[in-house]
Every structure is written in C-alpha cells, then in structure tokens.
Amino acid sequence: MRPVTRRQADSYVARATATRGQVMSTLEQLLDSGETFSNITVQQLLDKAGVSRATFYAHFQSKSDVLIRLTDDLRESLLTLAREWDPAAGEDGADRFARFFEEVIRLHRAHQGVITAVREAASYDSAVSDFYTANLEGFEETTLRTILSQQAAESTTTDLDAVSASQIIAWGGAQAIAHHIQVDDGSRDAVFARELARIWWHGAYRRSTGDQQRTRPA
C-alpha cells in the first residue's frame, strides 16, 4: 500500500493536469468559434472554464502562456512528421512527400483557430513571437540536415545552397500553407500538397545536376 503522501501527490498532479487541460481546451473552443485571440480576456477564459483567477495563475503566467502550451503538442506532432520523413527511403519520394504535406495540412486545418491565433499574437506579443520563431527554426534545422545529407549522398546537386533552401522551405512553406487554408475549403488540399511536394522535391532534394551546369557562367 502506497504512503498517503504519495497518493496526495498523485491526486494533486491529476487535478493540476485536468485544470490545465480544461483551460487550454476552453481557449481552443473560443478560437474555433471565431473569437480572435486579442479579444479573448482572461476573465472570459475563467468563466467558461470554470476556474478561479488564483487557480489560473497557479498554472499559467498569462493568456499567451495558455496559447503557447496549447500549440506545443501540435508543434511536436509536426516536427515528428518532419523528422520521420526520409527522402532516401524508396523511389516514390515526391509522392511520399505529397502524403506528408497532406497530413501537415490536415493537422493545420484541425487546429486552424490556434494556428491563426499564434500568427496573430506573434505580431505584438514577444513571448508568442519567440515561440513562433523557434517553431519555424526547428523545421528549418530539420530541413537543413536533410538537404545536407542528400548532398553528401550525391542525391542532389552540390551547387544548391542548403541554408537558403531550408529557409525558403520552412518559412515559405508555412506562409503558403496558411494562405491555402484561408482561401480553400479543403477540396484542393491533395492538389496543393502534390504541387508543394514536387516543387520542393525536384527543386531541392532531387535537383538535377543539369541545373548546376546551366547556372554556371559561360
């Protein structure tokens, strides 16, 4: 039989986890309902989540802290997808890359309210801006390692500037996906993912050596 102190500690952890989950879930519900992050107040969160102000600040530093924690799981899911994707596995790289982007778009659509809130808050909240920047820098770093490994394996041309390419892929891709989700109802997600995959696959991961020869000065 476990000591009472251990049971009490376990009970506290469970309650704390449930409270944080309730507040985070409430924020996502408000964002999904169409509320903008800037217009949501802490008091609105407290009322809808059913927690006191003291309880809220025992678990979160601010409203932005709730948003950052809410986004953290999504970021890890996306980074896991990126890390698991191996350009060297099989010959259908562009098709597998397209399926990868379809999953990325699906996750973005499922959490569209949260992602929109992060992009909004990043423009005026330094904590969210730092988080948003670190998030994309994580994708950029993963992409850079992939490109460098492909160059080392002679799968793509050595004239490709890996640093610039990884920046374009990570930051440009985020902008492109965000815009696509805003203007499309989902019916063209597969087409968009396919074109994004082909542009990045043939433009970076499998750039032809012929491109290198054509760009050399005469």
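The values are calculated or read from the model by the stated rules, or taken from the named source; none is laboratory data. For clarity, every value in this text was computed on a predicted model and none was experimentally measured. Every residue, glycine among them, receives a Cβ derived from its backbone with ideal geometry; neighbour counts consider all protein chains shown. SASA here: full protein model, heavy atoms, side chains in, ligands and nucleic acids out. Shrake-Rupley method; radii C 1.70, N 1.55, O 1.52, S 1.80 Å.
Of all residues in segment 23-55, those that are out of contact with any Phe, Trp or Tyr (no Cβ under 9 Å at 6 or more places or on another chain), open to solvent by less than 70 Å² (accessible area, probe 1.4 Å) and over 20 Å from residue 118 (Cβ atoms) total 4. Residues in segment 78-119 that are open to solvent by less than 50 Å² (accessible area, probe 1.4 Å) and part of a helix (DSSP H, G or I): 20 in all.
If you go through segment 142-180 and pick out every residue that is surrounded by 14 or more Cβ atoms within 10 Å (Cβ to Cβ) and among the acidic types (Asp, Glu), you end up with 0. When the residues of segment 43-77 are filtered to those that are of a type in the set (A, V, I, L, M, F, W, C) and outside any helix (DSSP H, G or I), the one that is nearest to residue 139 (Cα to Cα) is 60.
Taken over segment 67-95, the criterion of being touching a residue at least 12 places away in the same chain (Cβ under 8 Å), within 12 Å of residue 197 (Cβ to Cβ) and among the charged types (D, E, K, R) is satisfied by 95 alone.
With respect to the conditions (1) free of Cβ contacts under 8 Å to residues at least 60 places away in the same chain; (2) under 24 Å from residue 33 (Cα atoms); (3) part of a helix (DSSP H, G or I), residue 123 falls short on a single one, namely (3). Looking across segment 124-166, the residues that are among the polar types (S, T, N, Q) and under 15 Å from the mean Cα position of the chain (by Cα) come down to 129, 133, 135, 142, 143. Residue selection: residue 68 fails the criterion of being buried (at least 20 other Cβ atoms within 10 Å of the Cβ) and under 26 Å from residue 201 (Cβ atoms). Could you tell me whether segment 29-41 includes any residue that is modelled with pLDDT of 90 or more and either on the phi > 0 side of the Ramachandran plot or within 12 Å of the chain's Cα centre (by Cα) (or both)? Yes, the conditions are met somewhere in segment 29-41. Residues in segment 181-199 that are touching a helix residue (DSSP H, G or I) at 6+ places or on another chain (Cβ under 8 Å), open to solvent by less than 80 Å² (accessible area, probe 1.4 Å) and assigned to a helix (DSSP H, G or I): 181, 189, 190, 192, 193, 196, 197.
The residues listed here are 176, 165, 117, 122; of these, the one that is modelled with pLDDT of 90 or more, over 27 Å from residue 68 (Cβ atoms) and small (Gly, Ala, Ser) is 165.
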